[in-house]
1. Is it the case that some residue within segment 50-72 is open to solvent by 30 Å² or more (accessible area, probe 1.4 Å), in contact (Cβ under 8 Å) with a residue 60 or more places away in the chain and not in a loop (DSSP other than H, G, I, E, B)?
2. Please state which one of Tyr37, Tyr32 is within 14 Å of Gly112 (Cβ to Cβ) and surrounded by 12 or more Cβ atoms within 10 Å (Cβ to Cβ).
3. Need the failing condition index for Lys43 against (1) open to solvent by 30 Å² or more (accessible area, probe 1.4 Å); (2) outside any loop (DSSP other than H, G, I, E, B), just the number.
4. Taking Leu11, is it part of a strand (DSSP E or B) and within 15 Å of Tyr110 (Cβ to Cβ)?
5. Just the residues that are among the charged types (D, E, K, R), open to solvent by 40 Å² or more (accessible area, probe 1.4 Å) and outside any strand (DSSP E or B), please, taken from segment 89-121.
6. Within segment 15-23, does at least one residue satisfy the condition of being hydroxyl-bearing (Ser, Thr, Tyr) and either at positive phi or surrounded by 15 or more Cβ atoms within 10 Å (Cβ to Cβ) (or both)?
Amino acid sequence: QVQLVESGGGLVQAGGSLRLSCAASGSIFSIYNMGWYRQAPGKARELVADITSGGSTNYADSVKGRLTISRDNAKNTVYLQMNSLKREDTAVYYCRVLARSTEVVSGRAYWGQGTQVTVSS
C-alpha cells in the first residue's frame with residue numbers, strides 16, 4: 001500500500017502565500033502522476049494542478065500564474081506553492097498520486113487526507 005501525508009495548510013490573508021507538501025511512503029514500486037485537487041464547501045472536487053514523472057505540468061485556468069506545482073522524485077514528494085492567494089482559493093486541498101505498490105501488478109490512484117486552506121480578506 002501507499003500512504004500520503006499532507007502538510008502546509010492554514011489561514012492566510014488575501015495576497016499571501018502558502019506551500020503545501022504531500023509525501024508518499026509505503027510499498028512503492030513506482031510513482032506516475034502527482035497532483036493537487038481542491039473542494040470548496042458545496043462544490044465538487046476539482047483539479048488544481050498535476051505533474052507527470054517527467055515534469056510536465058497542467059493547471060486549472062483559475063490558478064495559472066499564481067500556483068506552481070513541483071515534485072522531488074527522490075523524496076516521493078509533491079509540492080504546491082501558492083502565491084497571490086484569493087478568497088476563492090479557500091478549500092480543502094487533496095493530494096492525489098497515481099502509483100504502483102510492490103504488492104500489485106497495476107497502478108491506482110491514492111488520495112491524501114486533505115488539508116484546509118482558508119484565505120481571509
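The values are calculated or read from the model by the stated rules, or taken from the named source; none is laboratory data. Treat the numbers as computed from the prediction; the structure is a model and nothing was measured. Here the Cβ is made from the backbone with ideal geometry for all residues, glycine too, and neighbour counts use every protein chain on show. Just the protein is used for accessible areas: all its heavy atoms, side chains included, with ligands, DNA and RNA removed. Shrake-Rupley method; radii C 1.70, N 1.55, O 1.52, S 1.80 Å.
1. Let us first name the residues in segment 50-72 that are open to solvent by 30 Å² or more (accessible area, probe 1.4 Å), namely 50, 52-59, 61-62, 64-65, 68, 70-72.
Now narrow it down to the ones that are in contact (Cβ under 8 Å) with a residue 60 or more places away in the chain: none.
Within segment 50-72 (the criterion being open to solvent by 30 Å² or more (accessible area, probe 1.4 Å), in contact (Cβ under 8 Å) with a residue 60 or more places away in the chain and not in a loop (DSSP other than H, G, I, E, B)), the answer is no, since none of the residues qualifies.
2. Residue meeting the stated conditions: Tyr37.
3. Only one criterion in (1) open to solvent by 30 Å² or more (accessible area, probe 1.4 Å); (2) outside any loop (DSSP other than H, G, I, E, B) is unmet by Lys43, namely (2).
4. In short, no.
5. So the first thing to find is which residues in segment 89-121 are among the charged types (D, E, K, R), and the list is 89, 96, 100, 103, 108.
Then keep just the ones that are open to solvent by 40 Å² or more (accessible area, probe 1.4 Å); that gives 96, 100, 103, 108.
Matches in segment 89-121: Glu103 only.
6. There is at least one residue in segment 15-23 that is hydroxyl-bearing (Ser, Thr, Tyr) and either at positive phi or surrounded by 15 or more Cβ atoms within 10 Å (Cβ to Cβ) (or both).
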